[in-house]
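The values are calculated or read from the model by the stated rules, or taken from the named source; none is laboratory data. Please read all numbers here as calculations on a predicted model, not as lab measurements. Here the Cβ positions follow ideal geometry from the backbone for every residue, glycine too, while neighbour counts run over all protein chains shown.
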Amino acid sequence: MTILSLSTPGKINLYLEVKGKRPDSYHELVTLFYPVRAISDRVELELTFSGVTVSCETSGVPQNDLNICARAAHAYFEAARIDSGVAIRIEKTIPVAAGMGGGSSDAGATLLLLQRQFQALDAGALKAVALEIGADVPFFLAPEPAIGCGRGELLTPVELPAEPPLLIVPACFPVSSAWAYKHLVIPEKTFPASPFPLIEALRKGDFAEAQGLLRNDLQHAVLGKFPLLSLISGLLRETGGAVLVSGSGPTLFALYSDFRTRDDAFAALTPLLRKYHLQPYQS
């Protein structure tokens, strides 16, 4: 049987504005997605005659039809009217429920691999299947920097530096997105009011200016709930980083004014964070 594989990145949200709740109970967002290839999963598919199975050695990952990759495979076969099966194997590096889109990334990779094999859907139909699985999944069909609107699925690609001076700290416990949105408090006045000043600063390579233009409306609730995240946030700030929660958390990242400061922070913080069983990544 044919075996296909793909490395698929995590993501962070450099900007996340929640504009309000929609009639369909979802929230209207404006976000700036940024892929993190230093923290990637690998998805492997083996085509079979029937059925969809999922295997993964990481705890907390469903290994049945509740797995998002299984749902993606079923949805692809149904949309393409293909009578086939697939065995899906996932090697996880992206933490589970960490605000880095790990499940969505794996589902996107599953769709890309099936499309590579069968070429049964056009681009619009493939994106529709991705959105059926999850709002972040369309981003992972072409994981490059992009503004996301609507639920995050209306994507506009943007050109950004390949590697701004970031330090990323994935936390080791899950945070429910539903909980984060339930406890969201949108301030009456916020700054910045759009992601475009941040995009322009990053394009210029003015990372010091960009530090003041990060935004995540979910951050206040998440940091208030988890003291460990507040502690880590303080450590990152002490080394010169502008700190943000990615998505609904708990992953934190820090943007530095230059690469040397980021590298010094990485060297100083790595042994400290190990005490909390955390590993920082440079990106």
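Side notes on the structure shown:
- Residue list for segment 140-165, restricted to those being under 19 Å from Leu218 (Cβ atoms) and either in the same structural domain as Gly205 (by TED's automatic domain parsing) or assigned to a loop (DSSP other than H, G, I, E, B) (or both): Arg151, Gly152, Glu153
- Within segment 193-249, restricting attention to residues that are touching a helix residue (DSSP H, G or I) at 6+ places or on another chain (Cβ under 9 Å) and of a type in the set (Ser, Thr, Tyr), the residue that is surrounded by the most Cβ atoms within 10 Å (Cβ to Cβ) is Ser248.
- All positions within segment 230-280 that are in contact (Cβ under 8 Å) with a residue 24 or more places away in the chain, of a type in the set (Asp, Glu) and more than 21 Å from Tyr34 (Cβ to Cβ): Asp264
- Qualifying residue in segment 39-49 (condition: surrounded by 15 or more Cβ atoms within 10 Å (Cβ to Cβ), within 23 Å of the chain's Cα centre (by Cα) and of a type in the set (Gly, Ala, Ser)): yes
- One residue from Val86, Val54 being in contact with a Leu (Cβ under 8 Å, 6 or more places away or on another chain) and β-branched (Val, Ile, Thr): Val86
- Qualifying residue in segment 128-135 (condition: assigned to a loop (DSSP other than H, G, I, E, B), in contact (Cβ under 8 Å) with a residue 24 or more places away in the chain and in the same structural domain as Val18 (by TED's automatic domain parsing)): yes
- When Ile68 is tested against (1) in contact with a strand residue (DSSP E or B) (Cβ under 6 Å, 6 or more places away or on another chain); (2) over 30 Å from Pro197 (Cβ atoms); (3) buried (at least 16 other Cβ atoms within 10 Å of the Cβ); (4) of a type outside the set (Phe, Trp, Tyr), only condition (1) is not met.
- Filtered by the rule that a residue be surrounded by 22 or more Cβ atoms within 10 Å (Cβ to Cβ) and either in the same structural domain as Arg215 (by TED's automatic domain parsing) or out of contact with any helix residue (DSSP H, G or I) (no Cβ under 9 Å at 6 or more places or on another chain) (or both), segment 2-16 gives Ile12, Asn13.
- Residue check for Leu66: among the aliphatic types (A, V, I, L, M) and free of Cβ contacts under 8 Å to residues at least 12 places away in the same chain: yes
- Residues that are under 23 Å from Tyr256 (Cβ atoms), in contact with a strand residue (DSSP E or B) (Cβ under 9 Å, 6 or more places away or on another chain) and assigned to a helix (DSSP H, G or I), drawn from segment 177-207: Phe196, Leu198, Ile199, Leu202, Phe207
- Residue in segment 154-185 that is nearest to Thr251 (Cα to Cα), counting only those that are surrounded by fewer than 16 Cβ atoms within 10 Å (Cβ to Cβ) and among the β-branched types (Val, Ile, Thr): Val185
- Residue check, Gln115 of a type outside the set (D, E, K, R), more than 17 Å from the chain's Cα centre (by Cα) and on the phi > 0 side of the Ramachandran plot: no
- Within segment 59-87, the set of residues being under 20 Å from Ser40 (Cβ atoms), modelled with pLDDT of 90 or more and polar (S, T, N, Q) comprises Asn67 only.
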